[in-house]
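First the structure, in the form of structure tokens, and then the observations on it.
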């Protein structure tokens with residue numbers, strides 16, 4: 001067993017589910033319970049006995065998290081901001097039924113240090129400690145967590161340093177690692193506490209487990225099914241049933257634990273396989289028990305967590321997912337040698353945006369640049385796109401410090417050219433839809449400015465190309481022209497208004513709410 005002083009190493013292996021058979025994932029957890037941690041748990045239990053009123057509080061509490069991306073000394077790599085947003089979305093969903101939500105405090109930090117990036121539980125831990133924000137829950141993302149034992153550590157909570165470290169591979173919206181580690185941050189033990197170093201097996205412990213003290217230090221009683229010693233045994237939570245680390249090596253498809261194991265009273269043990277603090281993988285619908293939730297509330301209310309108490313109120317807890325793109329859209333031409341400004345309609349409640357522009361519509365990391373911007377526009381520097389890129393793709397998703405679940409649902413395109421084609425209609429007219437976001441029945445005006453008289457056709461279609469009105473012919477005079485479209489019965493959605501003539505077609509989006 002690997003012992004690391006004053007550190008709880010939460011060893012959670014990745015989950016890969018199979019519809020045919022579950023892959024067996026063997027995880028190890030080397031846990032040393034410090035006197036300070038035991039005292040915190042004891043204090044939280046005592047607090048609940050004297051302050052039961054906190055259990056009926058329903059106001060949402062917002063906990064600040066300071067995320068730090070740790071990278072090699074070279075400054076390359078590191079987990080993506082997009083994945084951090086996915087992770088925050090997931091843990092907020094996991095803790096939502098506790099009236100507990102996490103929010104991003106200030107900007108995401110970056111630390112370039114090889115030791116911190118690969119050995120955060122050793123010498124790198126001292127480096128991380130110096131980076132802590134004293135007014136937030138500190139979470140560090142690293143490439144590796146060195147271990148002398150076989151296997152791979154994916155995350156840990158350090159009680160001595162009071163921070164959480166998560167391996168980059170676990171920073172997503174699928175893995176349970178971070179919610180598990182946060183449970184430890186809030187003083188929770190494993191449901192199988194005392195069995196970390198030696199999970200139950202029939203050869204060593206028999207079908208009926210008769211020992212009274214769990215096999216792993218520190219000394220703790222073996223929990224019984226009847227609950228008679230639940231207040232002092234294992235995790236000290238009475239609504240989590242006994243678990244002698246049965247999840248260790250169990251297939252990770254969360255199949256029913258059908259091995260018959262009895263406690264010393266000859267009572268059959270039924271572990272809670274979908275508890276966040278267990279080691280059963282692939283269950284999908286994980287939860288904290290009410291007793292665990294109560295301890296989390298007590299820990300957050302304690303004086304030791306005063307630094308987490310915040311007056312933060314989010315501008316919005318949910319944000320609209322659809323982005324109304326302004327420019328450039330619909331494959332309009334843009335000069336390769338000039339700066340290219342991307343713009344979109346501001347999303348109510350959003351404080352920032354994830355902008356991605358790419359040479360490929362798959363938005364693969366090898367072809368894509370990701371920017372975090374605080375305004376609803378961004379200018380790509382001149383000559384960013386090389387001669388090999390003729391079409392560029394871009395997309396946007398909105399977020400604020402607490403609402404990070406939005407993903408980009410569509411994208412726009414523009415052509416990257418060496419010289420603009422002067423025969424295209426885009427060079428003949430400058431036009432806009434006023435307004436371009438309406439309700440059904442509202443008047444739709446098109447403002448068109450042209451330097452010459454033109455004959456054009458106006459059409460309205462759905463995004464699938466279905467004709468909404470018959471094309472109408474209009475003669476444009478020099479200067480500004482205002483065209484009012486006939487009223488249409490439009491269902492909520494996105495429509496395309498196009499102006500065309502012999503030189504081409506120019507299209508813009510109309511959003512109907």
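Please report the projected area of the stretch 343-498's Cα convex hull averaged over all directions, in nm².
Its Cα hull, projected and averaged over all orientations, spans 11.5 nm².
Taking a label point 7 Å from the Cα of residue 60 along the Cα→Cβ vector, which residues of the stretch 98-137 have an amide N closer than 16 Å to it?
98-105
Distance in nm between label sites at residue 384 and residue 74, each 7 Å beyond Cα in the beta-carbon direction?
2.4
Specify the angular offset, from 0 to 90 degrees and rounded to the nearest 10, of the alpha carbon long axis of helix 290-301 from the longest principal axis of the alpha carbons in the chain.
Relative to the chain, helix 290-301 is tipped by roughly 80 degrees.
So how compact is the stretch 425-512: Cα radius of gyration and Dmax in angstrom?
12.5, 36
Sort 190-201, 380-391 for me by packing, meaning the mean count of neighbouring Cβ atoms within 10 Å per residue, highest on top.
190-201, 380-391
First obtain the Kirkwood hydrodynamic radius of the chain from its Cα pairs, then insert it into the Stokes-Einstein equation at 4 °C and 1.567 mPa s, and state the resulting D in µm² per second as a whole number.
49
Restricting the count to DSSP beta bridges whose residues both fall in the chain, what percent are antiparallel, rounded to a multiple of 5?
Of those bridges, close to 75 percent are antiparallel.
For each of 426, 410, 162, 148, count neighbouring Cβ atoms within 10 Å of the residue's Cβ, then give the residues from fewest to most. List each step's numbers first, then the result.
Details: 426 19, 410 12, 162 16, 148 7.
Neighbour counts put them in this order, fewest first: 148, 410, 162, 426.
In what sequence do 394, 344 fall when counting other Cβ within 10 Å, fewest first?
Arranged by neighbour count, lowest to highest, 394, 344 become 344, 394.
Could you tell me what percent of the DSSP beta bridges with both partners in the stretch 117-251 are antiparallel, to the nearest 5? Write down the numbers at each step before the final one.
On the way: 5 of 9 bridges.
Just about 55 percent of them are antiparallel.
Using only the Cα atoms of the stretch 130-270, what are the Rg and Dmax in Å?
17.1, 52
Given 0.36 nm per residue, what is the gain on full extension from residue 488 to residue 106 after removing their alpha carbon distance, in nm? Spell out each step's value before the answer.
Details: separation 382, 0.36 × 382 = 137.52 nm, distance 4.64 nm.
Going from the current span to full extension adds 132.9 nm.
What FRET efficiency do you get for residue 467 and residue 513 if R0 is 35 Å and r is their Cβ-Cβ distance, rounded to the nearest 0.05?
Result of the calculation: an efficiency of 0.95.
Please give the peptides 363-375, 57-69 ranked by average Cβ packing (other Cβ atoms within 10 Å per residue), highest first, as a rough proxy for protection.
Taking the mean over residues of other Cβ atoms within 10 Å, the ranking is 57-69, 363-375.
By how many degrees, 0 to 90 and rounded to 10, does the Cα axis of helix 81-94 deviate from the longest principal axis of the chain?
For 81-94 against the chain, the angle is about 50 degrees.
What's the extension gain from residue 290 to residue 134 if we count 0.36 nm per residue and subtract their Cα-Cα distance?
Details: separation 156, 0.36 × 156 = 56.16 nm, distance 2.97 nm.
Residue separation times 0.36 nm, minus the Cα-Cα distance, leaves 53.2 nm.
Which value, in Å to one decimal place, does the Kirkwood hydrodynamic radius take for the stretch 290-372 when every pair of different Cα atoms is included?
One over the average 1/r among Cα pairs gives 17.5 Å for the stretch 290-372.
Which FRET efficiency, nearest 0.05, do residue 238 and residue 367 yield, Cβ-Cβ r, R0 60 Å?
0.65
Mind pulling the angle between the C-alpha long axis of helix 35-50 and the longest principal axis of the chain? Nearest 10 degrees, somewhere in 0 to 90.
80
Find the Cα radius of gyration of the stretch 325-417, compare it with 2.2 N^0.38 Å by division, and give the number to two decimals.
Dividing the Cα radius of gyration by 2.2 N^0.38 Å gives 1.05.
List the residues of the stretch 216-243 whose backbone N lies under 15 Å from a point placed 7 Å from the Cα of residue 198 along the Cα-to-Cβ direction.
The answer is 216-222.
At R0 = 41 Å, how high is the FRET efficiency between residue 38 and residue 173 if r is their beta carbon distance? Nearest 0.05 is fine.
E between residue 38 and residue 173, to the nearest 0.05, is 0.75.
Name all residues of the stretch 491-513 having a backbone nitrogen under 16 Å from the label point set 7 Å from the Cα of residue 440 along its Cα→Cβ direction, giving them as ranges.
Once the point is set 7 Å along Cα→Cβ of residue 440, 491-495, 511-513 turn out to lie under 16 Å by backbone N, inside the stretch 491-513.
We did not get these values from a lab; they are worked out from the coordinates using the rules stated. In this text, all values refer to a predicted model and were calculated from it rather than measured experimentally. No Cβ is skipped: glycine too gets one built from the backbone with ideal geometry, and neighbour counts run over all protein chains shown.
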